[in-house]
Amino acid sequence: MLDEVRLRFPGTLTVLGGVGVTPIAEALVKKGAAEVIVRGEGEETFSDLVSVYGSRGRQAFHEVEGITFSDQMAALSQIETGTHSVFGHTAVADARF
């Protein structure tokens, strides 16, 4: 389905979310299945994502807690709740989700 969206609407931000995709969020982003994964029950996180994307674009995704995405430099980022720490190319903090 996302492939069809990409064909019809080039440049559209593709997002998957929910508890079903949470355990494989990193793999989905690496494979290009979606640009952003909203992990867990992400109603508030999705709202934050839409707000940040609408006002400041993709470069502000690092401000949204509870998502996994690939940034412009092809670094995989996983933003957790709480304080962020950086390990190599992945931003990670407490693994509470």
The stretch 60-89, subset among the polar types (S, T, N, Q) and modelled with pLDDT under 90, residue nearest to Val21 (Cα to Cα)
Gln78
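With the requirement that a residue be assigned to a loop (DSSP other than H, G, I, E, B), in contact (Cβ under 8 Å) with a residue 12 or more places away in the chain and over 9 Å from the mean Cα position of the chain (by Cα), what does the stretch 22-61 give you?
Here is the first cut: in the stretch 22-61, the ones assigned to a loop (DSSP other than H, G, I, E, B) are 32-35, 41-42, 57.
Still in the running and in contact (Cβ under 8 Å) with a residue 12 or more places away in the chain: 33-35, 41-42.
Within the stretch 22-61, Ala33, Glu41, Gly42 qualify.
The values are calculated or read from the model by the stated rules, or taken from the named source; none is laboratory data. All figures in this text were calculated on a predicted structure; none of them were measured in a lab. Note that each Cβ is placed from the backbone with ideal geometry, even for glycine, and that neighbours are counted across all protein chains shown.
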